[in-house]
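Take a look at the structure set out below.
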Amino acid sequence: MVTLKSKRELEIMRDASRIVGEILQELRPLVQPGITTRELDRIAEEKTLKRGAAPAFKGYRGFPRTLCTSINHEVVHGIPGHRELKEGDIVGLDFGVIYNGYYGDSAITVPVGEISQDLKQLLRVAEECLYLGIDQMVPGNHLSDISRAIQTHAESHGYSLVKEFGGHGIGRRLHEEPMVLNYVVNGRGIKLKPGLVLAVEPMVNLGGDQVRILSDRWTVVTVDGKPSAHFEHTIAITEHGPHILTKVA
Ligand code: MG
Ligand code: MG
């Protein structure tokens, strides 16, 4: 069931999402060669609790940590650990909180030190895919308009989109209906209405679209070993268009 959020609910979701956006922006400069993903996770959890929120992912279907950290060919759902980031890597930081009963969810992919031109373009295009998808979030459009904008832009650069995972409705639960695919299937999907809140999250692969899950039962990696980038915002549809709740100035 797709739920529309009331004005009051949207206010709480704005607070939850702002916490997510602020903490991600605080983590960004800490991504440097030598830091471990476990240390980033520890800092994220400390900042979450300090703001009176709770980590959304820790304990979700048994996920053990606050952040998902996905390095290079890891697509999403990487588990923070003792591996040190090194110059030239890219790392996806996916993060959510629950605050006053509502969830916020966002992700960024960050360069570690200086990265190659190929990776710079991958990050730029993946983030552009997110914003082009968000631009479609106006009342009267359909869900597939978001998917099409994302797919068209990524494929115009020769990239591919992960099919097995996508965005989602969000609210009192982390994952609500509808699923927001990053590629077009048959049908236009539901009509977009004010009060609908979605987490849009393109996962853009430099190579092929095939992915597999590692034996840790979480980490999703590309089959061809090529890098992947992931960006996500939580966005409310208003009468005037999209309002990005996880974006901080
Ligand atoms: Mg997320
Ligand atoms: Mg999400």
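The values are calculated or read from the model by the stated rules, or taken from the named source; none is laboratory data. The model shown is predicted, which means the values in this text are computed figures rather than measured ones. Positions of Cβ are generated from backbone atoms using ideal geometry, with glycine treated the same way; all protein chains shown enter the neighbour counts. Accessible surface is based on the protein model in full, side chains and every heavy atom, while ligands, DNA and RNA are left aside. Shrake-Rupley method; radii C 1.70, N 1.55, O 1.52, S 1.80 Å.
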Residue selected from segment 69-85 under the condition within 16 Å of ligand 2 (Cβ to nearest atom) and in contact with a Gly (Cβ under 6 Å, 6 or more places away or on another chain), by the criterion nearest to HIS230 (Cα to Cα): SER70
Residue match in segment 106-121 (condition: farther than 27 Å from GLY241 by Cα and of a type in the set (Lys, Arg)): yes
Matching residues in segment 193-210 - criterion: being of a type in the set (S, T, N, Q) and either open to solvent by 50 Å² or more (accessible area, probe 1.4 Å) or within 16 Å of ligand 1 (Cβ to nearest atom) (or both): GLN210
Options ARG42, ARG8, ARG14; residue that is more than 19 Å from the chain's Cα centre (by Cα) and surrounded by 14 or more Cβ atoms within 10 Å (Cβ to Cβ): ARG42
Residue, least open to solvent (accessible area, probe 1.4 Å), within segment 211-249, restricted to residues that are at positive phi and not in a strand (DSSP E or B): GLY225
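Sort through ARG28, ARG38 and tell me the only one that's over 22 Å from PHE231 (Cβ atoms) and outside any loop (DSSP other than H, G, I, E, B).
ARG38
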Options LYS58, LYS47: the member that is under 16 Å from ILE19 (Cβ atoms), out of contact with any strand residue (DSSP E or B) (no Cβ under 7 Å at 6 or more places or on another chain) and within 14 Å of ligand 1 (Cβ to nearest atom): LYS58
